[in-house]
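Laboratory data are not the source of any read-out in this text; all were calculated from the coordinates shown. Given the structure is predicted, the values throughout are model-derived calculations rather than measurements. All Cβ positions, even for glycine, are placed from backbone atoms using ideal geometry, and neighbour counts span all protein chains on display.
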Amino acid sequence: MGMSMNTAGGGRSGRRRKRGLQSEINVTPFVDVMLVLLIVFMITAPLLATGVDVTLPDAKAKALPQSQEDVLSLTILEDGTLYLQEEQVTMEELLPKLRAIVDAGYNERIYVRSDTTVTIGNAAKILATIQAAGFNNAAIVTDPNAS
């Protein structure tokens with residue numbers, strides 16, 4: 001009365017064994033994506049190094065230790081035009097854009113670059129906007145080669 005159940009294979013000729021999971025990883029798509037990203041970054045990196053030309057005020061101050069690639073800069077031209085990084089913004093757009101940057105988690109210093117002919121009233125208004133946006137740390141950039 002004993003019955004043997006062999007489920008591991010054999011027994012019936014019409015059934016096949018199921019194949020196990022394949023544990024190999026196909027890295028070809030991964031390599032393709034990495035090569036495309038490498039090419040994109042090689043093309044865009046030189047474009048990010050450009051800036052807006054201003055005449056910085058002369059002041060004898062020690063250089064800031066932070067590298068230039070990862071800083072947030074606000075530039076004020078002599079006619080009052082504002083640039084956040086290299087993007088031109090109006091005074092009305094400045095506060096919402098700075099708040100969005102703070103809300104995104106940026107908690108580093110913002111660097112303010114201003115032309116020498118910008119009035120103190122305009123600079124104070126912009127610094128107040130920076131503070132209202134939530135920045136607790138701002139620095140005014142000066143010319144390190146001041147005579």
Ordering 88-99, 26-37 by per-residue average of other C-beta atoms within 10 angstrom, highest first, gives 88-99, 26-37
Expected vector for region 76-92, Karplus 3J(HN,Hα) from phi with 6.51, -1.76, 1.60 and θ = phi - 60°, integer Hz, x for Gly and Pro, equals 10, 7, 5, 8, x, 5, 10, 10, 9, 6, 10, 9, 6, 10, 8, 4, 6
At R0 = 30 Å the Cβ-Cβ FRET efficiency linking V27 and Q131, nearest 0.05, sits at 0.05
Calc'd 3J(HN,Hα), region 124-131, phi into Karplus 6.51 cos²θ - 1.76 cosθ + 1.60 (θ = phi - 60°), Hz, glycine/Pro = x, comes to 5, 5, 5, 5, 5, 5, 4, 5
Zone reached by a paramagnetic label modelled 7 Å from D103 Cα along Cα→Cβ, restricted to region 115-139 with backbone N below 13 Å, covers 133-134
Which residues qualify? For S114, with a placed amide H closer than 5 Å and at least 5 residues away or on another chain, they are I76, V141
Here the FRET efficiency for V36 versus Q85, based on Cβ atoms and R0 = 25 Å and rounded to 0.05, is 0.50
